[in-house]
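The values are calculated or read from the model by the stated rules, or taken from the named source; none is laboratory data. The structure presented is a predicted model; accordingly, all values stated were derived computationally and were not measured. Cβ atoms come from the backbone with ideal geometry, glycine included; neighbour counts cover every protein chain shown. To get the accessible areas, we keep the full protein, side chains included, count just its heavy atoms, and leave off ligands, DNA and RNA. Shrake-Rupley method; radii C 1.70, N 1.55, O 1.52, S 1.80 Å.
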Amino acid sequence: MGISDYFQRNIRYDYNDANSSKGNNPNAHNAYDAIVQNLAVCEGIAKAYSLILSYFNIRSMAASGKAGGAFSLILNHAWNIVEYENEYYHCDIKWDLCGYVDRQIYSYQYFGLDDSEMSIDHKWNLKTVPNCSGSKLSYYKNITNYLLIRMIKYQISYEGNITLEIV
């Protein structure tokens, strides 16, 4: 998640280019503007994320489709599909970084999702990308396990008069 955190802190979405019918900044669609200028649209952000992951020998690809919400999938969009331990995951770094800009809190809402989770507000051609069915990276699945472990440790500490261990 460290690369995602870096992107959230440092890269901003180029709303001017995205809202222009012709696109004011052709470089907003490539990795250069995302990494060097810290400003890009979703395609540039996805390409930059793949480039950085490749440096760490993590396989990924940019995926494209439509996104916007369950009832208004009208916007062209790009995100990543990442291979980790022989399983595939969706990672939409652009949507998470926009959440960071709004709240100054790291977001992992779109990190490590499987097809069913991603399809709530993203649509893509299933024939052009691998099936994403991994669950090891899912923030929500793992946070549930983390909270459950903390609750069990708290319960043991409370009932056994043992000092609460924060993990």
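Structure notes:
- Annotation for the range 37-54 versus the range 76-145: alpha-carbon center distance of 15 Å.
- Using the Cβ-Cβ distance between residue 76 and residue 133 with R0 set to 30 Å, the FRET efficiency from 1/(1 + (r/R0)^6) comes to roughly 0.75.
- Taking Lys and Arg as +1 and Asp and Glu as -1, the other residues whose beta-carbon sits under 14 Å from that of residue 47 total -3.
- Residues whose amide H falls under 5 Å from that of residue 39, counting only those 5 or more places apart or on a different chain, are 12, 34, with hydrogens built in the peptide plane.
- Using a probe radius of 1.4 angstrom, the carbon and sulfur fraction of the accessible surface of the range 1-130 is 53%.
- For the range 120-132, backbone phi angles converted through the Karplus equation (6.51, -1.76, 1.60; θ = phi - 60°) give residue-by-residue couplings of 4, 9, 10, 10, 8, 7, 4, 7, 9, 9, x, 5, 9 Hz, Gly and Pro being listed as x.
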